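Student: Got a structure for you, questions after.
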Amino acid sequence: MPARRALFAAIACGAVAAPPVLAAPAVSVTDMARWQAQAAHVSIARDTWGVPHVTGKTDADAVFGLMYAQAEDDFPRVELNYINAMGRLAEVEGERELYRDLRMKLFIDPLELQAQYRASPPWLRKLMDAFADGLNFYLATHPHVKPRLITHFEPWMALSFSEGSIGGDIESVKLAQLEAFYGQQARPATVALASVETGLEPEPSGSNGFAIAPAITKNGHALLMINPHTSFYFRPEVQVTSGEGLNAMAPSPGASFSSTRVSTTASAGCIPRAAATSSTNTWKASSTRMARGSTAMTAACAP
């Protein structure tokens, strides 16, 4: 693929393109009107813990709101997830990330993703369209937010970050081995690969968690921690419901509408762990921003 050949050439020459000068694309009147119309079908309620509970008229509306809510919480993390997923990290982090990008591009090809998007069934394309629209609407209504690289999200990008895990199988390809194979040092690849084999026991990997009993904590409360090796926002908890029957609560990787763990509730409108009253972001779109209202949330759930 041309993109892969270009990256190989950059590595061979020891050069990385300078970061582009970013300029947010002008938002057309048609796009803004379309986003505002969809936003009118979405509400975002945050409970006592700040967890967003997104409600949409359709599944696509719910995805639109979910993306907006995640961007609202931490757009830099959201953008970084997709920069990394598309193998473009060196464009913002520098040459040290060249081989991480190379590894991504061995697996992820934007042209293939675009073809997969076009070949997807209509219901899935609607969700991917809503994914991009929610993020672009956020950027359009928050001009103070300055993306590092991605100024406009495309629907096919959703397919680049759909696994839901931190690294997954792709990390079985070691960066040191890629550097040894493609690097500039004049040495046989077999010797280079052998040099990274230490003969030591492999370091344990995978997710981990801790549970600390209240008897040994300072405040007398139990402490639970999961995956402290990840960034704080990597898997935020969200609830998403729609008028088409969707009702799920799960940790969702930043700005992905896939999830590795889903807990469904028994009935639509029942919001687990939410306070009896909560502030609601009532989406009242204007030409430049969203105004927020406040409503009482009466839905309550059994423990």
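Yes/no matrix, rows are residues, columns are (1) modelled with pLDDT of 95 or more; (2) closer than 19 Å to THR241 by Cβ; (3) among the hydrophobic types (A, V, I, L, M, F, W, C):
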residue	(1), (2), (3)
ARG77	no, no, no
ARG96	no, no, no
LEU106	no, no, yes
PRO147	yes, no, no
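Student: Could I ask something else about it? Out of the residues in region 21-38 meeting the condition of being in a helix (DSSP H, G or I) and farther than 14 Å from LEU139 by Cα, tell me which one is least open to solvent (accessible area, probe 1.4 Å).
Tutor: Filtering region 21-38 for residues that are in a helix (DSSP H, G or I) and farther than 14 Å from LEU139 by Cα, the one least open to solvent (accessible area, probe 1.4 Å) comes out as GLN38.
Student: For region 39-47, indicate whether the set of residues that are of a type in the set (Asp, Glu) and surrounded by 17 or more Cβ atoms within 10 Å (Cβ to Cβ) is non-empty.
Tutor: Yes, that holds for at least one residue.
Student: Further, regarding this structure: Filter region 102-132 down to the residues that are among the charged types (D, E, K, R) and over 17 Å from the mean Cα position of the chain (by Cα), then identify the one that is most open to solvent (accessible area, probe 1.4 Å).
Tutor: So, considering only residues that are among the charged types (D, E, K, R) and over 17 Å from the mean Cα position of the chain (by Cα), the one most open to solvent (accessible area, probe 1.4 Å) is ARG118.
Results for (1) crowded, with 19+ Cβ neighbours inside 10 Å; (2) on the phi < 0 side of the Ramachandran plot, shown as yes or no for each residue.
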site: GLY50; (1), (2): no, no
site: HIS53; (1), (2): yes, yes
site: ASP59; (1), (2): yes, yes
site: ALA62; (1), (2): yes, yes
site: GLY65; (1), (2): yes, yes
site: GLN70; (1), (2): yes, yes
site: ASP73; (1), (2): no, yes
site: ILE83; (1), (2): yes, yes
site: GLY87; (1), (2): yes, no
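Student: With respect to LEU139, determine if the residue is under 30 Å from SER172 (Cβ atoms) and not hydroxyl-bearing (Ser, Thr, Tyr).
Tutor: No.
Student: So, GLY94, is that one in contact (Cβ under 8 Å) with a residue 40 or more places away in the chain and on the phi > 0 side of the Ramachandran plot or not?
Tutor: Here the answer is yes, as GLY94 does meet what is asked.
The values are calculated or read from the model by the stated rules, or taken from the named source; none is laboratory data. Being a predicted model, the structure only gives us computed values, none of them experimental. Cβ: placed from backbone, ideal geometry, glycine included. Neighbour counts: every protein chain shown. Quick note on the areas: whole protein, heavy atoms, side chains included, nothing else; ligands and nucleic acids left out. Shrake-Rupley method; radii C 1.70, N 1.55, O 1.52, S 1.80 Å.
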